[in-house]
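Taking it in order: structure first as structure tokens, then the write-up.
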Amino acid sequence: TFHDRVEIVYGPVDKPLEVIDVEHLPKNGGWMRSNRLHVTQSEKTETTPAYNVVVASGNAELEGRTFHARADSITYDESKELYVLRSIGNRKATIWRQTTLGGNRNRADAQRMDFIPSRNILKFDRTTGLDGSQ
């Protein structure tokens with residue numbers, strides 16, 4: 001567990017110590033920032049490969065090449081490639097995203113969102129606003 005405005009950058013690299021440029025994120029790369037970050041590593045079993053679960057809480061933000069999001073907490077489950085954005089009380093989680101790189105940004109607000117960028121899946125629970133264009 002890490003505290004006090006934690007920021008992580010992630011993505012595929014060719015070499016073990018290669019640095020990812022935040023201004024030029026690779027495909028499937030991104031950054032996450034929050035007040036608290038908890039990482040759980042699950043070991044490989046006979047039926048599942050090793051994977052990480054990351055929970056960002058407190059002013060959580062997430063950015064990839066085609067999206068930017070804010071929520072009270074953001075969970076990433078590597079085994080499912082799934083982000084879960086949650087808000088507390090009357091506040092809303094917000095995501096701005098492009099369906100294609102360089103396209104128009106659409107905004108959505110909801111109490112909870114399930115998001116899988118690699119498959120372009122975004123599900124809402126208790127949606128309060130959508131802004132989109134074709």
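The values are calculated or read from the model by the stated rules, or taken from the named source; none is laboratory data. Note that the coordinates shown come from a computational prediction; the quantities given were computed from them, not determined experimentally. Here the Cβ is made from the backbone with ideal geometry for all residues, glycine too, and neighbour counts use every protein chain on show. Quick note on the areas: whole protein, heavy atoms, side chains included, nothing else; ligands and nucleic acids left out. Shrake-Rupley method; radii C 1.70, N 1.55, O 1.52, S 1.80 Å.
Checked against (1) modelled with pLDDT under 90; (2) more than 27 Å from Asp4 (Cβ to Cβ); (3) surrounded by fewer than 16 Cβ atoms within 10 Å (Cβ to Cβ), Lys80 passes all but a single condition, namely (1). When we screen Arg126, Arg97, Arg119 for residues that are modelled with pLDDT of 85 or more and open to solvent by 70 Å² or more (accessible area, probe 1.4 Å), the only hit is Arg119.
When Ala60, Ala56, Ala50, Ala71 are checked against the criterion of being under 19 Å from Ile121 (Cα atoms) and either touching a Leu at 6+ places or on another chain (Cβ under 7 Å) or among the hydrophobic types (A, V, I, L, M, F, W, C) (or both), Ala71 stands alone in meeting it. Thr40 falls short on exactly one of the conditions (1) touching a Pro at 6+ places or on another chain (Cβ under 7 Å); (2) exposed (fewer than 15 other Cβ atoms within 10 Å of the Cβ), and that condition is (1).
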